[in-house]
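To start, the structure under review is shown below, and the notes come after it.
Values quoted throughout were computed directly from the atomic coordinates according to the rules given, and no laboratory measurement underlies them. What you see is a predicted model, and the numbers here were worked out from it, not measured in a lab. Cβ placement follows ideal geometry from the backbone for every residue including glycine, while neighbour counts extend to all protein chains displayed.
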Amino acid sequence: MDFNLSAAQAELQQRTRQFIQEQIIPMERDPRCTPHGPTDELRLEMVAKARKVGLVSPHVSEEFGGLGLDHVGKAIVFEEAGYSPLGPVAMNIFAPDEGNMHMMEVICTPAQKERWLRPLAEGRIRSCFCMTEPAPGSGADPSMLQTMAVRDGDDYVINGLKWLITGATGASFAIIMAKLEDGSATMFLSDMDAPGITVERQMDALDTCFVGGHGVVRFENLRVPAENVLGAPGEGFKYAQVRLSPARLTHCMRWLGAARRSHDVALRYAATRQAFGKSLGQHEGVGFMLADNEMDMHCTRLAVWHCAWVLDQGHLGTRESSAAKVISSEAIWRVIDRSAQILGGSGMTHETIVARIFADARSFRVYDGPNETHRWSLAKHALKNLRP
């Protein structure tokens, strides 16, 4: 692996960094940042700013208005975007839309791409991914899927309940995972204003960075034409991996930027705040925390870049993405937690951005598969491949 940036990569990195610093960070205290995420009005305003500098949907192919970045390119740009909680929203690379766009480019029919993917990639609309269910439905174990889709003539009729559906409120369309009568899983595309879809409520959550928050969505006799099946019937779980493996990495990329922001705030404070006759950073207790932050960010970047490079070669497996997700989510959490500690009393307030990042980042160890599930999978692989 060559860790040197090409001229094009360095230019894109600097352009993204400048955009976030000059145009997005000043918007972080906008009153349209709500407990359920930035409003759509604010989102569209920021997307317009990103469009002017050519930074909307950089992960999408040029055919649909993006920059067609490979995964290493995304690792560079997404980290810069993640430096502000609003950065991924402004650049249209936030969850769940970013992962949905990736999967749709691979799987959608040409007609589906024009109807749903193009306006999504342009940042004009939002989407949601309806898979997680309350007990006894699917969570970490997707085989427990309860939502049913029954064929009825040229349609499928879907019934079920989903929750923790990020971005459901205000989304234009949904990707719905449902079980067919033979027990296989299938993905469906549906407009969110179709009869039979109800967003029952928004769930109060620690994080405030996702547009639309997290919703509870009920399907009651929702009719979806067979032409709106995403991919082939019965292949839903396979397609979920097309989405989830790269999406785990892009989460790592964005959160690395957030961790770096927290560290930078703490570093400046430690360099200027005086206590017991010298700056905080000169005390070993604080200095060691700053050093540990540097090492955790370095290890995270190595893990992410390695997986991005392997993915660009077409060889990334679920084992590698699982390992990167666990390594990254726990390392960035340590960085953010230490940064809050270094800031002392101010770290417990919203005087700086760190408390907001702290609340946003905690869920990363849960979504895209709890870290315990990934560890279990990694352990099974290690035992299976034990050499005599």
Q: Please list, in chain and number order, the residues 5+ apart from residue 34 or on another chain whose amide H is under 5 Å from its amide H, with Hs placed from the backbone.
A: 39
Q) How large is ³J(HN,Hα) for each residue in the range 245-256, as worked out from phi by the Karplus curve 6.51 cos²θ - 1.76 cosθ + 1.60 (θ = phi - 60°), to whole Hz, x for Gly and Pro? A) 4, x, 5, 4, 5, 5, 4, 4, 4, 5, 5, 5
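Roughly speaking, what is the stretch gain from residue 383 to residue 150, that is 0.36 nm per residue apart minus the C-alpha to C-alpha distance, in nm to one decimal? Intermediate results must be reported in sequence, preceding the final value.
Working: separation 233, 0.36 × 233 = 83.88 nm, distance 3.97 nm.
The span from residue 383 to residue 150 would gain 79.9 nm if fully extended.
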**Q.** Rounded to whole Hz, the Karplus (6.51, -1.76, 1.60) HN-Hα couplings of the range 257-272, x for glycine and proline
**A.** x, 5, 5, 4, 5, 4, 4, 4, 4, 5, 5, 5, 5, 5, 7, 10
Q. Tell me, what is the FRET efficiency for residue 306 and residue 28 to the nearest 0.05, using R0 = 35 angstrom and their Cβ-Cβ distance as r?
A. 0.65
Q: Give a residue-ordered list of calculated ³J(HN,Hα) values for the range 310-315 (Karplus: 6.51 cos²θ - 1.76 cosθ + 1.60, θ = phi - 60°; whole Hz; x for Gly, Pro).
A: 5, 5, 5, 7, x, 10
Q. To the nearest 500 deg cm²/dmol, what mean residue ellipticity at 222 nm is calculated for the chain from DSSP H runs of n ≥ 4 alone, each contributing -39,500 (n - 2.57), summed and divided by the residues?
A. -14500 deg cm²/dmol
(Q) Test of understanding: express the Cα radius of gyration of the range 237-384 as a ratio to 2.2 N^0.38 Å, with N the residue count. (A) 1.18
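Quick one: order 288, 358 by neighbouring beta-carbon count within 10 Å, fewest to most. Could the numbers behind the result be given before it?
On the way: 288 11, 358 19.
With the fewest neighbours first, 288, 358 line up as 288, 358.
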Q: Set the Förster distance to 30 Å, then compute FRET efficiency between residue 315 and residue 226 from the Cβ-Cβ distance, nearest 0.05.
A: 0.30
Q) Alpha carbon centre of the range 256-287 versus the range 26-55: separation in Å? A) 30
**Q.** Label corresponding to Rg and Dmax of the Cα atoms in Å when calculated from the structure given, among [x] 21.2, 80; [y] 26.9, 101; [z] 23.2, 99
**A.** [x]
**Q.** Chain lengthening between residue 40 and residue 52 when straightened (0.36 nm per residue, less Cα-Cα)
**A.** 2.5 nm
Q.
How would 113, 380, 74 line up from fewest to most surrounding beta-carbon atoms within 10 angstrom?
A. 380, 113, 74
Q: Mind giving me the FRET efficiency for residue 362 and residue 111? R0 is 41 Å, r the Cβ-Cβ distance, nearest 0.05 is fine.
A: 0.50
Q: Could you work out how far helix 318-342 tilts from the main Cα principal axis of the chain, as a 0 to 90 degree angle to the nearest 10?
A: 40
Q) Taking H as built 1.01 Å from N, whose amide H comes closer than 5 Å to the amide H of residue 168, not counting residues under 5 places away? A) 215
Q | Protection-proxy order for peptides 83-94, 40-51, each taking the mean of Cβ atoms within 10 Å per residue, highest first | A | 83-94, 40-51
Q) Pairs 49/113; 113/238; 49/179; 325/384: which are spaced more than 31 Å apart, C-alpha to C-alpha? A) 49/179
Q) Given the range 160-215, what whole percent of its Cα pairs are spread farther than 14 Å? A) 57
